[in-house]
């Protein structure tokens, strides 16, 4: 049946409207797509170009150059040298085992190095380069570079590695670097450090000494390089780099030549010494012997070398000058004397009778001189090192006043210098003992402490500070860092201690008699040159108990005892007398007494005072032949060192 014309017209209008709507929608979609394409291709082109490039451009960290460590005159102690190494990136290598086998066919790589590299690859992200072998010759670098197309993910790089110039002379001060370890990052001093450099396998950080204590100063900041890789991850080219910020240079206060002299002078002993400049607290030399070559640790120490160093009874790895604490023996008597004088309990002219021993609470405490010193005053007690005098004085003033004076003079406190394991020592008092073992202080403890035995423990550094404060009357503090990146560090000169100058003068005069009076305990090692005369104090630190039976039969000589049972020898001194410039402390482990340490201290002082080899006339005539031989030996060794550096 034919539809009416009116219906046909209505249907045509509906179809036309739908067509227009549909066409409009299509045009809108096409317009939206066109606008989006325009935005992506024109307005957002840079953004999408970057996203595309990130699929083929990798960023890698560039370790910065580590800051130099130099002595007070700018002579290099720790520097950086070129180091060619072969690295692998796991995500670029494909079949890692096959790639490493190809590398071994090209260059000599120990199996242990391959296994270590595999272990490290499993611990880090796949894009982090892992060192396979380092310090490779240029010929090996060339072979790897030429064969790069068949060594996916393996690259020859040139970097920097630490090198120590004067090795054993400064090993305990400068310390050494080594690969960052899991312990360093989890429980060590780097546990809270989030520097991405620490995630690089075998990245070297300070392990001991200045290298460790000033790690954040010396390390610097990482740089980056942009490299282009192809579809399979092979490096095609370097697109650019931003170099890292070099670590800051550190200038120490030590004088390298004086340090070398100290090291050689101590060389035949298990010993340590500290020399302090009294003008500003600068440590001009600080040494421990025997020592070691820190370069062994940088390059990866062998089991044989580690065993040799670790099992040596003379402990070459220990920085004895700061980390070891010894009973100070008679060098502590100046502390007891000043405590008594400042407290007013003792007059310097008052005498104490020394029969060779003293009975205290049923116990007999002996003087080093079996027959005693007779009636003796403060001056004579220091000059002849009478023990009984200090037994008596110590009981009168009490341990708390002795400990207070000890701390005032720099004992029983950790001095803030950037070396490893700096000890606090012990300046004991009643409260300390209660905290230590829960026991009350006894009068016998005071008797022992008054002559630097018992619980009293001090390091050579603390003893040097003690004698420096006595010599100057100031609260001098030791300084090891002179400047960082050319910016001077604060002086350690210190303010006045507040001690009575007359009391200090009495102690100094007594110390002068120890060396310069014929009856002084160190007269044999005096300085003859009047302008450089020194004041000092000997000390003997017992390491074994002498029984009553042994005393009755005769005390066994140190020379007849095994080395480890002999007494320690100590000596502290300052010079010149009229205007003190340097203070020194020397400890000779199991040296048998102060006579082992005093010649070393005298010779170190003279070397510093003359700024080089002293004239023979500065020494007693009886010692000049021996000193001449000693100086000739030192000059020969110095020439050998210089020849070795020239050849290197």
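Computed from the coordinates by the stated procedures, all read-outs in this text should not be read as laboratory data. All values derive from a computational prediction rather than experimental measurement. Cβ placement follows ideal geometry from the backbone for every residue including glycine, while neighbour counts extend to all protein chains displayed.
For the reader, a short list of remarks on this structure follows.
- Over the Cα atoms of region 59-252, the radius of gyration divided by the Kirkwood radius equals 0.99; this is the Rg/Rh ratio.
- Approximate spin-label separation residue 519-residue 182, in nm, with each point projected 7 Å along Cα-to-Cβ: 6.8
- Nitroxide proxy distance, nm - points 7 Å out along Cα→Cβ at residue 32 and residue 317: 7.2
- Net lengthening on full extension, residue 629/residue 396 (0.36 nm per residue, minus Cα-Cα): 78.9 nm
- Sum of -39500 (n - 2.57) over DSSP H runs of 4+, divided by residues of the chain (222 nm, nearest 500): -11500 deg cm²/dmol
- Altogether, the Stokes-Einstein calculation at 37 °C and 0.692 mPa s, with the Kirkwood radius of the chain over Cα pairs as Rh, returns a diffusion coefficient of 112 µm²/s.
- Sorted by Cβ density within 10 Å, fewest first, the residues 383, 401: 401, 383
- Neighbour-count ranking [beta-carbon atoms within 10 angstrom, fewest first] of 640, 589: 640, 589
- Annotation: extensible slack from residue 192 through residue 228 equals 9.6 nm (criterion: 0.36 nm per residue apart, minus Cα-Cα distance).
- Net lengthening on full extension, residue 345/residue 578 (0.36 nm per residue, minus Cα-Cα): 81.0 nm
- Summarising the strand pairing of the chain, around 95 percent of its internal DSSP beta bridges are antiparallel.
- If R0 is taken as 25 Å, the Cβ-Cβ distance between residue 295 and residue 216 corresponds to a FRET efficiency of 0.60.
- Against the main long axis of the alpha-carbon atoms of the chain, helix 501-516 sits at an angle near 80°.
- Footprinting exposure proxy for 36, 265 (fewest neighbouring C-beta atoms within 10 Å first): 36, 265
- Rounded to the nearest 10 degrees, the inclination of helix 256-265 to the longest alpha-carbon principal axis of the chain is 50 degrees.
- Within region 59-252, percent of DSSP bridges classed antiparallel, to nearest 5: 95
- Dmax and Rg, reported as Rg then Dmax, of region 54-133 (C-alpha, Å): 17.0, 53
- Convex hull per residue volume in Å³, alpha carbons only, for region 334-473: 116
- The relative contact order of the chain comes to 12 percent, based on Cα pairs under 8 Å that sit 6 or more residues apart.
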